[in-house]
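Notes to accompany the following structure.
The values are calculated or read from the model by the stated rules, or taken from the named source; none is laboratory data. Bear in mind the structure is a predicted one, so any value in this text is a computation, not a measurement. Cβ: placed from backbone, ideal geometry, glycine included. Neighbour counts: every protein chain shown. These area figures cover heavy atoms from the full protein model, side chains too; ligands, DNA and RNA do not enter into them. Shrake-Rupley method; radii C 1.70, N 1.55, O 1.52, S 1.80 Å.
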Amino acid sequence: MKIAFIGGVKFSHELLLHILNLGWEVSVVFSYADSKKKYYSDFASFNKITEKFNIFHVKVDKINNEKNIEILEKINPDLILVMGWSQLLSLKIIQIPKFGVIGSHPTELPKYRGRAPIPWSIIKGLKESALTFFYIQEGVDDGDILDQSKFNISDNDDASSIYQKMIKLGKQMLESNLPLIATGN
């Protein structure tokens, strides 16, 4: 199964490294352009990982630029993984892969769609949340749910500890779901 990966933050970086170490084929990585670093406190560089695994790497300001769509059409991935990305995808991109586009959101979708979900979980005083993998559609965090893994939020948790829980769950969820997607299950 040929995978295109879109991500730009530490969560993305950790999940990409995990699936590469498991032997999954990633044909292209799209990450944020270096100019975006000032906008993301958890910005991650993908240069070393893409060099190490010899993966075509495209740094972008806007994922929906025609050039990026052309790259994806040429590569023709079976699956696009969008892990840790804040830009909505155009229908042109969503329609490219035969197995769809899987996104992640650090809440119990359909609850708490939108931006800053981890801080909002703390502000709202939630005692439980989830990491959700879903099929990306044209709306905001509103596609069919593929998988959802719940976790507890303690009084001692902060944004950093919740973020670490997301990374751990994300790795586990990719490990269990990628083989199912690859076999059509």
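If you take all other residues with their beta carbon under 15 Å from the beta carbon of L81, and give Lys and Arg +1 and Asp and Glu -1, the sum is -2.
Element breakdown for the chain at a 1.4 angstrom probe: carbon and sulfur atoms account for 49% of the accessible area.
For the stretch 51-110, the convex hull spanned by the alpha carbon atoms encloses 117 Å³ per residue. For K165, give me every one of the aspartates and glutamates with a C-alpha distance below 17 angstrom, ignoring sequence neighbours fewer than eight places off in its own chain. Of all the aspartates and glutamates, those that pass the test against K165 - Cα under 17 Å, at least 8 places apart if same chain - are E14, D42, E108, E128, D147, D155, D157, E175. With contributions of -39500 (n - 2.57) from each DSSP H run of at least four residues, the per-residue ellipticity at 222 nm computed over the chain stands at -10000 deg cm²/dmol. For the set K36/K124; K38/K127; K10/K59; K38/K98, the pairs lying more than 25 angstrom apart at their alpha carbons are K36/K124; K38/K127; K38/K98.
Expressed as a whole percent, how much of the Cα-Cα distance distribution for the stretch 1-81 exceeds 17 Å? Roughly 41 percent, once rounded to a whole number. Of all beta bridges that DSSP places with both ends in the chain, some 40 percent have antiparallel geometry.
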